[in-house]
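Here's the structure, in structure tokens; my notes come after.
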Amino acid sequence: RNPSNLYIAVNFDPQLIALLREVKYLQQLESCNLEIPESATAVFSKREMYRKFLQNLDVIVALYNQVRETILDVEYPLIEEQLASIDQQLEKAVKEINWTSEGAWEYIESTRDRVRDLERRVRLAKANVEAMCTVMAKWSQAPLFVRKEDKKDCLLNLDDRGAHVKSRYDQVSEDAAKLHQLVAENLEYFQASQHTQDWMNYVEYLDDIVLDGLFNCVHCSLQYLLDNSKTEGDLPALMEAKMELQ
């Protein structure tokens, strides 16, 4: 384990890999009648077991380090206890279990499944946050009001403003339900309790993201009005005023 970032690595001596390769070549040269040490032959006879162990340990290392590398400060408290439990299990591989220990394969399987489950849930939670951003991005794809027929020489289309406002409101309301669903899913993915301060801090983080989405939505419409109301340039009028005398 790297003490600076807590990443883990597989402790498989490169010399052992070289030994397995040399024994394989020597066995292929049967005509040379070369004598292979019994110790080397014994190690080589377990090559498939070592290969299976190594493949699964590589999976554990990759997934565990992925969690460590990508977890955000606001997410870490939500999985801290789960990660500590996995670290406690990993300590057995560091201090007790070796390649020939009884039950080594069962230990590797159990550790792999636990790490894979945690990494999957963290990855899905992050994907949900990305999905939230994608949903909110639709709000700022177009201004609330634009020129009639979207032509530069037409006035701002306010004739059916009520329908435009209702349509946008309905879209945001529908998307809000999706956002709530994604947040509820993340509560399950992190296996958190919604009454804890850690979860409330995470919800505040999500609230900031939603606030940015709402800001971008309003900014899109205001920026359109600003761009089409500039005095410089040869822009046609955006609005007109009428006076009725009675």
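The values are calculated or read from the model by the stated rules, or taken from the named source; none is laboratory data. As the structure is a prediction and not an experimental result, all values here were calculated from the model. Cβ coordinates were reconstructed from backbone atoms using ideal geometry, including for glycine residues, and neighbour counts include every protein chain displayed. What goes into the accessible areas is simple: the full protein's heavy atoms, side chains included, and nothing from ligands, DNA or RNA. Shrake-Rupley method; radii C 1.70, N 1.55, O 1.52, S 1.80 Å.
Contact map, segment 78-94: residues that are closer than 24 Å to residue 105 by Cβ and open to solvent by less than 20 Å² (accessible area, probe 1.4 Å) paired with residues that are charged (D, E, K, R) and in a helix (DSSP H, G or I), Cβ distance under 7 Å, separation 6+ or inter-chain. Pairs shown: 86/114. The number of residues in segment 116-143 that are charged (D, E, K, R), modelled with pLDDT of 95 or more and open to solvent by 30 Å² or more (accessible area, probe 1.4 Å) comes to 6.
Among residues that are of a type in the set (Gly, Ala, Ser) and either surrounded by 12 or more Cβ atoms within 10 Å (Cβ to Cβ) or at pLDDT 60 or above (or both), residue 39 is not included. Do we have any residue at all in segment 16-36 that's in a loop (DSSP other than H, G, I, E, B), within 40 Å of the chain's Cα centre (by Cα), modelled with pLDDT of 60 or more and not hydrophobic (A, V, I, L, M, F, W, C)? No - not one qualifying residue is present in segment 16-36. For segment 89-99, the set of residues classified as farther than 13 Å from residue 11 by Cβ and touching a Lys or Arg at 6+ places or on another chain (Cβ under 8 Å) consists of 89 only. Listed by first and then second residue, the pairs linking a residue in segment 103-122 that is within 27 Å of residue 192 (Cα to Cα) to a residue that is surrounded by fewer than 16 Cβ atoms within 10 Å (Cβ to Cβ) and charged (D, E, K, R), with Cβ atoms under 8 Å apart and 6 or more places separating them unless they lie on different chains, are 107/92. Restricting attention to segment 155-167, the residues being assigned to a loop (DSSP other than H, G, I, E, B), without any contact (Cβ under 8 Å) to a residue 60 or more places away in the chain and surrounded by 12 or more Cβ atoms within 10 Å (Cβ to Cβ) number 1.
Let's see how each residue does on (1) of a type in the set (Ser, Thr, Tyr); (2) within 30 Å of residue 8 (Cβ to Cβ):
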{"position": "120", "(1), (2)": "no, yes"}
{"position": "126", "(1), (2)": "no, yes"}
{"position": "131", "(1), (2)": "no, no"}
{"position": "134", "(1), (2)": "yes, no"}
{"position": "155", "(1), (2)": "no, no"}
{"position": "161", "(1), (2)": "no, no"}
{"position": "171", "(1), (2)": "no, no"}
{"position": "174", "(1), (2)": "no, no"}
{"position": "179", "(1), (2)": "no, no"}
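For segment 168-180, filtering for residues that are surrounded by 12 or more Cβ atoms within 10 Å (Cβ to Cβ) and free of Cβ contacts under 8 Å to residues at least 24 places away in the same chain leaves 1.
Look at (1) surrounded by fewer than 13 Cβ atoms within 10 Å (Cβ to Cβ); (2) at pLDDT 85 or above; (3) part of a helix (DSSP H, G or I); (4) among the hydroxyl-bearing types (Ser, Thr, Tyr) and you find that residue 64 fails only one, number (1).
Scan segment 193-218 for residues that are assigned to a loop (DSSP other than H, G, I, E, B) and in contact with a Phe, Trp or Tyr (Cβ under 8 Å, 6 or more places away or on another chain) and the total you get is 1. All told, residue 222 meets the bar of being more than 30 Å from residue 76 (Cα to Cα) and either part of a helix (DSSP H, G or I) or under 36 Å from the mean Cα position of the chain (by Cα) (or both).
Using the structure shown, decide if residue 245 is assigned to a helix (DSSP H, G or I), free of Cβ contacts under 8 Å to residues at least 24 places away in the same chain and either polar (S, T, N, Q) or open to solvent by 90 Å² or more (accessible area, probe 1.4 Å) (or both). In short, no. Across segment 67-115, the number of residues qualifying as small (Gly, Ala, Ser), modelled with pLDDT of 95 or more and more than 22 Å from the chain's Cα centre (by Cα) comes to 1. Of the numbered criteria (1) open to solvent by 70 Å² or more (accessible area, probe 1.4 Å); (2) at pLDDT below 95, the one residue 191 fails is (2). Checked against the criterion of being farther than 30 Å from residue 230 by Cα and out of contact with any helix residue (DSSP H, G or I) (no Cβ under 8 Å at 6 or more places or on another chain), segment 133-148 contains one or more residues that satisfy it.
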